[in-house]
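> Quick one: the structure is below, and I'll ask about it shortly.
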2 protein chains.
Amino acid sequence: PSNIPPIVETIPFIGCFYQFAKNPLKLVRSSYDKLGEIFTLHLMGFKMTFVLGPEAQALFFRGTDEELSPKEAYRFVTPVFGKGVVYDSETEIMYEQLRFVKNGLVLSQLKKAVGIIQEETEKYFENKWGDSGEIDLLYEMNKLTILTASRCLMGKSINKSLGQSGQLADLYHELEEGLNPISFFFPNLPLPSFKKRDAARAKVAAIFHSIIQERRRSTDDSVDDVLYTLMNSKYKDGSILEDEQIVGLMIGLLFAGQHTSSITLTYSIFYLLNNLEYFDETQKDISDIVTKENQGEINFDGLKRMNRLETVIREVLRLHPPLIFLMRKVMTPMEYKGKTIPAGHILAVSPQVGMRLPTVYKNPDSFDPKRFDVEDKTPFSFIAFGGGKHGCPGENFGILQIKTIWTVLSTKYNLEVGPVPPTDFTSLVAGPKGPCMVKYSKKQK
Amino acid sequence: PSNIPPIVETIPFIGCFYQFAKNPLKLVRSSYDKLGEIFTLHLMGFKMTFVLGPEAQALFFRGTDEELSPKEAYRFVTPVFGKGVVYDSETEIMYEQLRFVKNGLVLSQLKKAVGIIQEETEKYFENKWGDSGEIDLLYEMNKLTILTASRCLMGKSINKSLGQSGQLADLYHELEEGLNPISFFFPNLPLPSFKKRDAARAKVAAIFHSIIQERRRSTDDSVDDVLYTLMNSKYKDGSILEDEQIVGLMIGLLFAGQHTSSITLTYSIFYLLNNLEYFDETQKDISDIVTKENQGEINFDGLKRMNRLETVIREVLRLHPPLIFLMRKVMTPMEYKGKTIPAGHILAVSPQVGMRLPTVYKNPDSFDPKRFDVEDKTPFSFIAFGGGKHGCPGENFGILQIKTIWTVLSTKYNLEVGPVPPTDFTSLVAGPKGPCMVKYSKKQK
Ligand code: HEM
Ligand code: HEM
């Protein structure tokens, strides 16, 4: 039919795939420049239709799961999340599981989280960083956020099993290497990174299983964390989650929250130190709110009031959204401005390309946190956390974590960084090309 | 045209590739059963024509480099071997480099090698194994052969830099993981294993560069190993090899010889201990030749006379050739029995499939070293080492190494093994699926 979206001319099909694999954004952006807000790429047997710009993106975010299936598009993550969990379960079960997760991340939990994150962060710097040195910031923030996040999710038990050894961070790194943009196209190739991924998942699962068992035996009833919420959640039919499902959800939550947060944190630090005007503003807030008003205590309400830090983080996420593509499988033909997207296509939005369109944000490539001083009211223009029914349930937790860690770090240390690193688009979660070397020295008291 | 080789029906093209990637042999063997000694597989944009059986294989091995180019087929190994080395150089230069390699592996070198291998092996067991324990045999044989082979290739300097730390073995492991059957089809995908491969190669190259420089400064003129041969070789135009080329050749030689040898060694040990009749025969030879005749000295002539061990190794290689595919690019159309293989095809033989055809070896799937008691006179039936102009120059060295290590090992230790492990076909060099756990205990004196 002639009313399907225009198809990108692909000379040799392998060539196009290479181009896409190396830098998927270039091809998407240049196709947008040529063909506009909706077009189809043929890649390795997949037909991927992209929608770009808030109006077209609304089609994506407003679609129901029956029309646009995340399950069918995200099957390739099952080797990490596990069988029977979220995208690998019946739609109804998936909704219920996502609801359990949201229940685990309610306000009361977030309030408690701040203190835990602060404590873990201070301990980490004390034990690992000492007075001065040079480190790979991305690597360090990875290790730190996995500690803080896992403490918030499943309490102190996690530290006993893993110490501050970084073992969990290393295992998560292997998980991440075993899920990359290629694995969407070839989920079952016998690649070494896939074998390591499966071995790493087995180890993580064993650790989490033993934590659950320990928790069951424990008589301490003061614990009340995400794991507790999951262990005490009931499906509508009254049944509780199987251990296997709890383990899968914990792995999935940490996976969803870990690299996204540590990447955003790392980029935020680079931007703050490369833009001293904003750095000074955030330090003044910290000094006013934390040091003076709260006698050094970092708490939820104080963090909420750090507006400049918040707009810096949002602007960093606009420029560098860790998830550069979101996808759904088209289950029933979808109409958009007289074009029909056939069933079977993969419908995709790109936060990375979509938030740098000049029709959406002025001077889209420059770092300007002030643009968020007035609230952005167009729906689906800021999509770093997705939107609609599947919008990120971890948004508040993620931002809180970044704010807490930055507050501790910038209070304790002076940092010296180079220019903002470019992005490596070859991982599933796109972050700064490492190593991101940073010099630090303790501030005089 | 209708006289091209028959084409294998490939239902969905990705599906066929998966099948091939998981177990490339099944598809090749079943196509042979259906279509006979010559057929074409369409895989990911490549047209691969297979020739099977000694007669058809002769076409492959007798072709000149102008007709059948190894260079064009093996480009994907360049990230490991290096630029300007062997398959990445002009055909004439490639021949000369292969000649230098052969000069480094002449009889006089092999004779010296035996003593070195024995010494390193004894040291290794003394330091690493002790009296008894359980180890992953494949992993251990990998570490050991890389030590013995690198000592033979470049003398004692290698130990100073790397100790017996196994660092070189680990780096070679990363090289190998960065070259797998997939990388033939997608040599440039941004896979994590490819990034690690490149980092590992840079490290190995740095180590070898410093060894060459040290050698240049040294005044000891008693050294005379493969490295020495390469450093003193001259191209026909009188020029010597660049350091970069020497490094590339050393990396390539170790790479070509390492996994092939350690895999064959591991499989040989499993077969010997699972077939005690042959085990006893080899032990009698060792006792007669080494212990009695030569008062415990292992030497070249003694090893040459160990016929049973030799036929065991050859039978192991027939059943489990580490290189399961050899390939050439067809440069000018080739005729075979009225069929034309068009230029542009990849011509392939499969030692693994080809040496298990019932028309070539009786009871092809059973382990029967005695079949080699009478010499096998059909050309190109035994092709574990390839054949023709590009036949393996390391054959004698490889077998010698295996014989020496087995002699030391079986004299020192009693071993207990499980059944012969199946083969993992997803590596470039196909070996037993690990871990290959083996129990050992020192023999009473
Ligand atoms: C800066 C940090 C984060 C970013 C940029 C981010 C981004 C996103 C985006 C874009 C989506 C939507 C995916 C889609 O529609 O296909 C998403 C979903 C999700 N995120 Fe986050 N995320 C972050 C942190 C977190 C954290 C800390 C958690 C958990 C504690 C988390 C848990 C999840 C979950 C469970 C989903 C799936 C929701 C669903 O399918 O309904 N995220 N995230
Ligand atoms: C059991 C051990 C070994 C096996 C089964 C083996 C197998 C092979 C095969 C099948 C080929 C032919 C490739 C083709 O035609 O495309 C080959 C080539 C080669 N092998 Fe080996 N090999 C072994 C050990 C070694 C060792 C120990 C070395 C070095 C010391 C070595 C160095 C080479 C080189 C340099 C070539 C390329 C020759 C050329 O292209 O002309 N191999 N090997």
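> Would you pick out the residues in the stretch A:365-385 that are in a loop (DSSP other than H, G, I, E, B) and closer than 24 Å to A:R62 by Cβ?
Step one: of the stretch A:365-385, the residues in a loop (DSSP other than H, G, I, E, B) are A:365-368, A:373-385.
Across the stretch A:365-385, the qualifying residues are A:E375, A:D376, A:K377, A:T378, A:P379, A:F380, A:S381, A:F382, A:I383, A:A384, A:F385.
Listed here are the residues, each with its yes/no results for (1) within 29 Å of A:M355 (Cα to Cα); (2) within 16 Å of ligand 2 (Cβ to nearest atom); (3) not basic (K, R).
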| site | (1), (2), (3) |
| --- | --- |
| A:R29 | yes, no, no |
| A:H42 | yes, no, yes |
| A:F50 | yes, no, yes |
| A:F60 | yes, no, yes |
| A:E92 | no, no, yes |
| A:Q97 | no, no, yes |
| A:K112 | no, no, no |
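> Could you grab me the full set of residues in the stretch B:185-198 that are open to solvent by less than 50 Å² (accessible area, probe 1.4 Å) and out of contact with any Pro (no Cβ under 7 Å at 6 or more places or on another chain)? Steps first, please.
So the first thing to find is which residues in the stretch B:185-198 are open to solvent by less than 50 Å² (accessible area, probe 1.4 Å), and the list is B:185-187, B:189-194, B:197.
Result: B:F185, B:F186, B:P187, B:L189, B:P190, B:L191, B:P192, B:F194.
> For A:V420, state whether it is modelled with pLDDT under 95, open to solvent by 30 Å² or more (accessible area, probe 1.4 Å) and within 29 Å of A:S287 (Cβ to Cβ). Break it down stepwise before answering.
Working: modelled with pLDDT under 95: no; open to solvent by 30 Å² or more (accessible area, probe 1.4 Å): yes; within 29 Å of A:S287 (Cβ to Cβ): yes.
The answer is no for A:V420.
> Still on this structure, I have one more. Restricting attention to the stretch A:5-32, which residues are more than 11 Å from every other protein chain (Cβ to nearest Cβ) and at pLDDT 65 or above? Quick ask: steps written out before the conclusion?
So the first thing to find is which residues in the stretch A:5-32 are more than 11 Å from every other protein chain (Cβ to nearest Cβ), and the list is A:5-11, A:16, A:25-32.
Selection gives A:P5, A:P6, A:C16, A:L25, A:K26, A:L27, A:V28, A:R29, A:S30, A:S31, A:Y32.
> How many of the residues making up the stretch A:386-401 are open to solvent by 40 Å² or more (accessible area, probe 1.4 Å), part of a loop (DSSP other than H, G, I, E, B) and more than 7 Å from ligand 1 (Cβ to nearest atom)? It would help to see each step written out before you state the result.
Filtering the stretch A:386-401 for residues open to solvent by 40 Å² or more (accessible area, probe 1.4 Å) gives A:388-390, A:392-393, A:395-396.
Imposing the further condition that a residue be part of a loop (DSSP other than H, G, I, E, B) reduces the set to A:392-393.
Still in the running and more than 7 Å from ligand 1 (Cβ to nearest atom): none.
Qualifying residue count, the stretch A:386-401: 0.
> Name the residues in the stretch B:169-211 that are of a type in the set (A, V, I, L, M, F, W, C), within 10 Å of chain A (Cβ to nearest Cβ) and assigned to a helix (DSSP H, G or I), would you?
B:I182, B:F185, B:F194
> Of these, B:E176, B:E90, B:E96, which one is within 30 Å of B:L43 (Cβ to Cβ) and touching a residue at least 40 places away in the same chain (Cβ under 8 Å)? Talk me through it step by step, then tell me what you get.
Details: B:E90 fails: touching a residue at least 40 places away in the same chain (Cβ under 8 Å); B:E96 fails: within 30 Å of B:L43 (Cβ to Cβ).
That would be B:E176, the only listed residue that is within 30 Å of B:L43 (Cβ to Cβ) and touching a residue at least 40 places away in the same chain (Cβ under 8 Å).
> Across the stretch A:323-337, which residue is nearest to the other protein chains (Cβ to nearest Cβ) among those that are within 9 Å of ligand 1 (Cβ to nearest atom) and assigned to a loop (DSSP other than H, G, I, E, B)? Before you say what the answer is, go through the steps one by one.
Step one: list which residues in the stretch A:323-337 are within 9 Å of ligand 1 (Cβ to nearest atom), which gives A:323, A:325-328.
Among the residues that remain, those that are also assigned to a loop (DSSP other than H, G, I, E, B) are: A:323, A:325.
On the way: A:L323: 17, A:F325: 15 Å.
Among residues in the stretch A:323-337 that are within 9 Å of ligand 1 (Cβ to nearest atom) and assigned to a loop (DSSP other than H, G, I, E, B), the one nearest to the other protein chains (Cβ to nearest Cβ) is A:F325.
> Looking at the stretch B:343-382, which of its residues are without any contact (Cβ under 8 Å) to a residue 40 or more places away in the chain and open to solvent by less than 40 Å² (accessible area, probe 1.4 Å)?
Residues satisfying the conditions are B:P351, B:M355, B:P364.
> Would you mind telling me which numbered condition in (1) within 16 Å of ligand 1 (Cβ to nearest atom); (2) away from chain B (no Cβ under 14 Å); (3) open to solvent by less than 60 Å² (accessible area, probe 1.4 Å) A:S427 fails?
Of (1) within 16 Å of ligand 1 (Cβ to nearest atom); (2) away from chain B (no Cβ under 14 Å); (3) open to solvent by less than 60 Å² (accessible area, probe 1.4 Å), only one is false for A:S427: (2).
The values are calculated or read from the model by the stated rules, or taken from the named source; none is laboratory data. Quick caveat, the model's predicted, so the values are computed rather than measured. Glycine also receives a Cβ, built like all others from the backbone with ideal geometry; neighbour counts cover every protein chain displayed. Note: areas computed on protein heavy atoms with side chains; ligands, DNA, RNA excluded. Shrake-Rupley method; radii C 1.70, N 1.55, O 1.52, S 1.80 Å.
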